[in-house]
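Here the structure is laid out as structure tokens; the discussion comes afterwards.
What follows draws every value from the coordinates through simple rules; no lab data is involved. Just so you know, these numbers come straight off a predicted model, no measurement behind them. Methodologically, a virtual Cβ is constructed for each residue, glycine included, from the backbone with ideal geometry; neighbour enumeration extends over all protein chains shown.
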């Protein structure tokens, strides 16, 4: 089995659409994330729970409920 990256993805830090071929990737908990810049990748790597995972999802849901 061979893994192929998608053509585009969304930078989890700034939410920009990035072309994966020219992006700055990082692996966290076995998943690959793509970034528009080295700076966004470094911000993510310093605190990935702020952008992905269960803690992020819980915070996001609380924010969405608060803005309903």
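Remark: 4, 20 ranked as 4, 20, counting other beta-carbon atoms within 10 Å and listing the fewest first.
For residue 39 and residue 4, a Förster radius of 25 Å and the Cβ-Cβ distance give a FRET efficiency of 0.40, rounded to the nearest 0.05. What is the calculated FRET efficiency for residue 47 to residue 19, with r their C-beta to C-beta distance and R₀ = 22 Å, to the nearest 0.05? Efficiency at R0 = 22 Å is approximately 0.30.
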